[in-house]
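The next block holds one structure in the form of structure tokens; read it before the comments.
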């Protein structure tokens, strides 16, 4: 079948179904989420059988062990998908919420009520669990969703869809609020990106190449996040133990994710007392350190950092380290090389803590906490569907609320405009 | 000079200046706004002299009297521009506002702080007063702005810019936070729309043709609003006098604007008692009525409405009228033909009032009030820079808050992630 025509057809179906979902009461949506969770558990055998087809193809295609691991629907992964859906069922429903209302001088009562965006298009890479996670968040927030996972997870994604559709068939929600693009060709993405009458928002998750491809080809607004070059700035007078713990945690607790720290900036007045301890901490954890000249002068045996290091997201056990003259130099470094993702200052100075929060306009700005907290779950948003490092619509971790917008509602008693 | 190069150069200047403005305290921004207002008053002679050049060209080019009127910088218009800037100075500054903070189980204190978007690109048609209005709103919200007005207002817009720059020269804010594109060629718009590294948001204001051109050519997110096909639904049991007043006001108080009503839907149970009165009211005000068959059966001498009428924004003393079977039929009509702008129900029924607010997802939804209140000033947002009928980032009238986004801020005491 013609790919373009089929994608358009799917998008039209999802759009129509999303109108029904937009008016579905919370209790009904929650029942559906729990039915979806139960379905994933009951149909584990079918999911794993389909997943084996992808794994066999992946092995034949020579995928790395790490990639095969991400692709595997183990018992544990399936249970986590089910639990995730139950957690989303337990979150408050943003739809219909009115945060405050205000009275106008003519007695009109005005407020803003949250409503769904409409239809979300998700484009992502190998992990098939994203299929259930994204479907759950979109359903709870009243949005239809069209999912386009990686070609290497094709059978797994179609199997997850089948199970979710079986669950929805037991509810009043039309199954077609959730669809998976049934094509492995890249053309399918291009076709999705042209459906601006049906899809309201595109969320790509994956490498920088995928995201650039989506941004360049989309006629639909894109929530994007190219990379996370996160900074820890250790200020003069910082508590040394606190700074050590935060640096270790931010770099090594999970180095392969976007909120891990990539660059440590150290105030020159604390460099001599702090850096040798930090370097030992990191070396003990097999972290490669790329250092500026001043850091090298204090700690021997480090790799020199070059200009490109300051803008690099290693996503690995590598970190760049730079001594800066003062607070302003740290802010300037972040402005020049940062990616607007997450930055933290370790300080004991009240004024600089407040100034850092005011002057650094990354999507998440912290004082005395690990960059690893830059995550929807950790910030209390419930789960997250993605993260935005551009400022339109959403900025930073994006949860259920980010999947909604607000309309103005007005209660009158016959007011007319003079 | 090469247009593309010059636009890029302007955009880079505005971006750099916007970084300074983002950190400028409210008091300083307010002083600048008042200096801008004073400048417009003092330099009225210069502004009108430059405006005469545009008016002479406009007359020679055969512009209509209405267009020449919109182009004229009369004493009254200049005073309104100055007053507008002073009003913006008096609004609360959204930048730096933290609406609420919440405590996480690990004691992290998390909040969202408002920050400017960066640089706004405004593309608009003839009225030169928009130049000062938009510059004021962007300055207050901490955004740089690049303005591209209509070619017929070229001298007027450049003169307004000169006066605003003179005023900014007396402050610490770099004058280049406000720039006007110094080219009349349409290519200048295309060039602006490619500056995605410098401009964060495009707001076009004008006819549907201009807006479509901008959307199709932009690599930058666009806040858009194609048309306003606003509905008044007169429910069974509505108070007849209230319904008459609201219809008259919504259609005739200012028919040339987007929040004027274009279609009146009338419940069949109230049609016989209400429609003859409404038709007399509108005829007495020279409104042409395009009616469905059932309306024609009740009121003689009306023009029949055809299918195209239901989707038409007349922006004139014309209205379409349709009798509907029930509440659901009214909702379905709005969903099919509406433009997601503004709809109002006139009703005395509690349940249907609440249901209308819940089920109609236009950007502004009202009960018992004229559609003419769908306006930033009337809703209490202060002034408005535009209106959005698409759901991303902003939906409905967009004021100072719509020109900002939020970053997450986090106060910690050394927390690390387990």
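In what order do A:98, B:145, B:180, B:234 fall by count of nearby beta-carbon atoms within 10 Å, going from fewest to most?
A:98, B:180, B:145, B:234
As a check on your grasp of the helix formula, calculate [θ] at 222 nm for chain A: sum -39500 (n - 2.57) over DSSP H runs of n ≥ 4, divide by the residue count, round to the nearest 500.
Computed ellipticity for chain A at 222 nm equals -13500 deg cm²/dmol.
Counting each pair of different Cα atoms once, what's the Kirkwood radius of region A:1-76 in Å, rounded to one decimal?
About 15.8 Å for region A:1-76.
Ranking A:317, B:85 by Cβ neighbours within 10 Å, fewest first, what do you get?
By the 10 Å Cβ count, ascending: A:317, B:85.
Over chain A, what lengths in whole Å, largest first, do the semi-axes of the equivalent ellipsoid take, defined as the square roots of 5 times the eigenvalues of the alpha-carbon gyration tensor?
For chain A, the ellipsoid semi-axes come out as 41, 29, 19 Å.
Test of understanding: in a Gaussian network model of chain A with alpha carbons linked when under 10 Å, which of A:124, A:226, A:408 would top the mean-square fluctuation ranking?
Per the Cα network of chain A with a 10 Å cutoff, A:408 tops the list.
With the label 7 angstrom out along Cα to Cβ, how close does residue B:86 come to the same site in each of the other copies, in nm, nearest first?
Distances to the matching label points in the other copies: 6.5 nm.
Can you give the Rg to Rh ratio for region A:230-378, taking only C-alpha atoms and Rh from Kirkwood?
On the Cα set of region A:230-378, Rg over Rh gives 0.92.
Principal axis lengths of the protein assembly as shown from Cα atoms, whole Å, largest first?
Taking max minus min along each principal axis of the Cα atoms, the protein assembly as shown gives 92, 70, 46 Å.
Using the Cα atoms as the points, what is the convex hull volume per residue of region B:121-265 in Å³?
145
Please tell me the relative contact order of region A:230-378 in percent, rounded to the nearest whole number, where contacts are Cα pairs under 8 Å and at least six residues apart.
33
Label-to-label distances across copies for residue A:380, with labels 7 Å out along Cα→Cβ, in nm, shortest first?
Relative to the other copies, residue A:380 has label-point distances of 2.6 nm.
With an 8 Å Cα cut-off and a minimum separation of 6 or more residues, compute the relative contact order for chain B in percent.
Worked out over chain B, it gives 18 percent.
If you find the alpha carbon centre of region B:327-366 and of region B:204-258, how far apart are they in angstrom?
Here the answer is 14 Å between Cα centres.
Among A:99, A:401, A:239, which one shows the highest mean-square fluctuation when chain A is modelled as a Gaussian network with alpha-carbon springs under 10 Å?
Highest fluctuation of the listed residues: A:99.
Stokes-Einstein D for region B:274-320 at 25 °C, 0.890 mPa s, Kirkwood Rh over Cα pairs, in µm²/s?
Translational D for this selection: 226 µm²/s.
Mind pulling the angle between the C-alpha long axis of helix B:327-337 and the longest principal axis of chain B? Nearest 10 degrees, somewhere in 0 to 90.
Computed tilt is about 50 degrees.
What nm distances, shortest first, do you get from the label point of residue A:74 to those in the other copies when the point sits 7 angstrom along Cα to Cβ?
So the distances to the same position in the other copies read 7.7 nm.
For a test of the definition: using alpha carbon positions, the gyration tensor, and the 1.5 limit on a/c, classify region B:74-163 as rounded, prolate or oblate.
Note, shape of region B:74-163 comes out prolate.
Evaluate peptide B:387-400: per residue, the Cβ atoms of other protein chains within 10 Å of its Cβ; return the mean as an integer.
Taking all residues of B:387-400 together, the mean is 4.
In peptide B:338-348, what is the residue-averaged number of other protein chain Cβ atoms found within 10 Å of each Cβ?
Mean shielding by partner chains, rounded to a whole number: 1.
Could you check which residue among B:139, B:40, B:108 shows the biggest mean-square fluctuation in a GNM of chain B with a 10 Å Cα cutoff?
Of the options given, B:108 has the highest mean-square fluctuation.
Looking for one value pair here: nearest-to-axis residue in chain A (by Cβ) for the rotation onto B, and the distance in whole angstrom.
Result for the A and B rotation: A:393, 2.
Enter the mean number of other protein chain beta carbons within 10 Å of the beta carbon of each residue in B:211-221, as an integer.
Per residue, the number of nearby Cβ atoms from other chains is 1 on average.
Nearest-5 percent of antiparallel DSSP beta bridges in the protein assembly as shown?
That works out to approximately 25 percent antiparallel.
On a 0 to 90° scale, report how tilted helix A:3-22 is relative to the longest principal axis of chain A, with both axes built from alpha carbons and the result rounded to the nearest 10.
80
If you take every DSSP beta bridge fully contained in chain A, what fraction is antiparallel? Give it as a percent rounded to 5.
The antiparallel proportion sits near 30 percent.
Using Cα atoms only, what is the angle between the long axis of helix B:350-359 and the major principal axis of chain B, expressed in degrees (0 to 90) to the nearest 10?
50
FYI, it's all coordinate maths here, none of it is from the lab. Please read these numbers as outputs of a predicted model, since none were measured by experiment. Cβ coordinates were reconstructed from backbone atoms using ideal geometry, including for glycine residues, and neighbour counts include every protein chain displayed.
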